[in-house]
Amino acid sequence: MLDPQQIHQWITAGLPCTHLIVNGDGQHFEALIVSGEFAGLSRVKRQQRIYAILRARLDSGELHALSMQTLTPDEWEGQGRG
Amino acid sequence: MDVQKRIHETVTGSPVVLFMKGTPQFPQCGFSAKAVQILKACGVKDFATVNVLMEPEIRSGIKDYANWPTIPQLYIGGEFVGGSDIMTEMYETGELQKQLEPVLNPA
């Protein structure tokens, strides 16, 4: 069974994040990803950035489903949770 | 026909196209079910769906078409809009309803 911590490592290895939370039950996962690299990117492009990092794991079926919230540090602070 | 071409014809052939697992009546995945719910909540009565579980070629080809490795995928007016997370966010902010407006009420 896939550990959320593993996904956490894959993402941080591919993208500098200022904040990252990954939760999941071994099948379905959700991630809150805060990174300065998202600035100026559309929602689609932000998720594509993450999918590019995880593509091989998704294609192999090792990772089935990851729900994502992708924010810049400014947006994250703007949500009052900074 | 080449699968990328088939996908292109599908997404440009109807104003709203959802690639999903299962059917609107019997979705086979929670994320696909959510995508259908959101479209219905937006008042879209008629949308084309493709059940990728019945179309293995499209299931793998659609990942490259939009450079998006997961299902569901929503297309409006031939343009890729996003998967279920993005649909949810856009529905909550009202952006999705706005983008669907020309489709629902053509001038």
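The values are calculated or read from the model by the stated rules, or taken from the named source; none is laboratory data. Predicted model, so just to flag it, every value in this text is computed and none were measured. FYI the Cβ positions are ideal-geometry reconstructions off the backbone, even for glycines, and counts take in every protein chain you see. The area values use the complete protein model at the heavy-atom level, side chains included, leaving out ligands, DNA and RNA. Shrake-Rupley method; radii C 1.70, N 1.55, O 1.52, S 1.80 Å.
For this structure, a couple of remarks:
Every residue, every condition in (1) touching a strand residue (DSSP E or B) at 6+ places or on another chain (Cβ under 8 Å); (2) among the small types (Gly, Ala, Ser), yes or no:
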position: B:VAL36; (1), (2): yes, no
position: B:LEU39; (1), (2): yes, no
position: B:GLU57; (1), (2): no, no
position: B:GLY61; (1), (2): no, yes
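- Some residue of the stretch B:69-76 being aromatic (Phe, Trp, Tyr) and within 13 Å of chain A (Cβ to nearest Cβ): yes
- First in the stretch B:1-19 and in contact (Cβ under 8 Å) with a residue 60 or more places away in the chain and part of a strand (DSSP E or B), second anywhere and surrounded by 13 or more Cβ atoms within 10 Å (Cβ to Cβ) and not small (Gly, Ala, Ser), Cβ under 6 Å, 6 or more apart: B:VAL16/B:VAL44; B:VAL16/B:PHE47; B:VAL16/B:ILE76; B:VAL16/B:VAL103
- Only residues that are of a type in the set (Phe, Trp, Tyr) and open to solvent by 60 Å² or more (accessible area, probe 1.4 Å) were counted across the stretch B:34-92, and they come to 2.
- For the stretch A:19-36, the set of residues classified as surrounded by fewer than 15 Cβ atoms within 10 Å (Cβ to Cβ) and away from chain B (no Cβ under 14 Å) consists of A:HIS19, A:ILE21, A:ASN23, A:GLY26, A:GLY36, listed by residue number.
- Pairing residues of the stretch B:65-83 that are more than 18 Å from B:ASN51 (Cβ to Cβ) with residues that are among the small types (Gly, Ala, Ser), at Cβ distances under 6 Å and at least 6 apart in sequence or on separate chains, gives B:PHE80/B:ALA66.
Quick grid of which residues meet (1) touching a His at 6+ places or on another chain (Cβ under 8 Å); (2) under 17 Å from B:ASN67 (Cα atoms); (3) of a type in the set (Gly, Ala, Ser):
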site	(1), (2), (3)
A:ILE7	no, no, no
A:THR12	no, no, no
A:GLY24	no, no, yes
A:PHE29	no, no, no
A:ARG49	no, yes, no
A:ARG55	no, yes, no
A:ASP59	no, yes, no
A:GLU62	no, no, no
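- In the condition set (1) in a helix (DSSP H, G or I); (2) of a type outside the set (Asp, Glu); (3) more than 20 Å from B:LEU74 (Cβ to Cβ); (4) open to solvent by 70 Å² or more (accessible area, probe 1.4 Å), A:ARG49 is compliant with all but (3).
- Filter pass, A:SER67 being within 14 Å of chain B (Cβ to nearest Cβ), of a type in the set (S, T, N, Q) and buried (at least 18 other Cβ atoms within 10 Å of the Cβ): yes
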